Amino acid sequence: MTTTRTASIVSIAKSGKRWNNEFMGNRIADIGRMKSNVDAGNRTNRFGTKKTGKLGTEKNPAIVNVQSKSRFAEVTSTFQAHGWNFRIGLEPKKTEDVSDLNRLLNPIKPIKAEKKVGRNQPCQCGSGKKFKNCCSV
C-alpha cells in the first residue's frame, strides 16, 4: 500500500497539480531571482570594479575646495612642495573641504599588536609560576 501512495505523490509532482503549478511555483522562483539581481547591482557599486590609484597620483588626484585666494595659494604651495597631483576649487559660498590634504599630510599608520605571553612562559606578575598556572586562569 505504501508503494502505490508514493507513486501517486510522484505522479502528482510530475503533473504539476499539487505544488509545482504555475501560480505558486513561478512566484517563489522569481522572488529568489529578483533578490539576487538587486543584490548584484548593489555589489558592483559598493566594491567597484576599477582599481583606483594612490591618493595624490594622476589616477586619483586629491580634490580640495577653499574659500579665499590666500588659502588657495597656501594649499597649492603645500601640494606642489610634496609633488602631489591635485584639483583645487575656489568657491567662497561653500564650506572649505581639505580632507584629502589632511589624509596626505597625516597618513594612517598600522597598529602593531603586542606580543602575547605564551602559556609556558614565566608570568609577568613576577610570581615565578608559569603563566597558565598563575594569571591566565
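The values are calculated or read from the model by the stated rules, or taken from the named source; none is laboratory data. Values in this document were obtained by computation on a predicted structure and should not be read as measured data. Reconstructed Cβ throughout: ideal geometry from the backbone, glycine too, with neighbour counts over all protein chains shown. Protein only, heavy atoms only, side chains kept; ligands, DNA and RNA dropped before computing areas. Shrake-Rupley method; radii C 1.70, N 1.55, O 1.52, S 1.80 Å.
Among the residues of the stretch 93-121, write down those that are open to solvent by 90 Å² or more (accessible area, probe 1.4 Å), of a type outside the set (K, R) and either within 24 Å of I63 (Cα to Cα) or over 24 Å from the mean Cα position of the chain (by Cα) (or both). First the steps, then the outcome.
In the first step, residues of the stretch 93-121 are kept if they are open to solvent by 90 Å² or more (accessible area, probe 1.4 Å); the result is 93-95, 103, 106, 108-116, 119-121.
Narrowing the set further to residues that are of a type outside the set (K, R) leaves 95, 106, 108, 110-111, 113-114, 120-121.
Answer for the stretch 93-121, where residues must be open to solvent by 90 Å² or more (accessible area, probe 1.4 Å), of a type outside the set (K, R) and either within 24 Å of I63 (Cα to Cα) or over 24 Å from the mean Cα position of the chain (by Cα) (or both): T95, N106, I108, E114, N120, Q121.
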Practice problem: Enumerate the pairs (first residue in the stretch 63-86 and closer than 18 Å to N106 by Cβ and free of Cβ contacts under 8 Å to residues at least 40 places away in the same chain; second residue anywhere and of a type in the set (D, E) and surrounded by 16 or more Cβ atoms within 10 Å (Cβ to Cβ)) with beta-carbon separation below 7 Å, excluding pairs fewer than 6 apart on the same chain, so at least 6 apart or on different chains. | Solution: I63/D100; V64/D100
Quiz prompt | Positions within the stretch 40-86 being open to solvent by 50 Å² or more (accessible area, probe 1.4 Å) and modelled with pLDDT under 85, in sequence order | solution = N42, R43, T44, N45, R46, F47, T49, K50, K51, T52
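Would you check if D30 is of a type in the set (D, E), part of a helix (DSSP H, G or I) and modelled with pLDDT of 90 or more?
On the way: of a type in the set (D, E): yes; part of a helix (DSSP H, G or I): yes; modelled with pLDDT of 90 or more: no.
So D30 does not fit the description; no.
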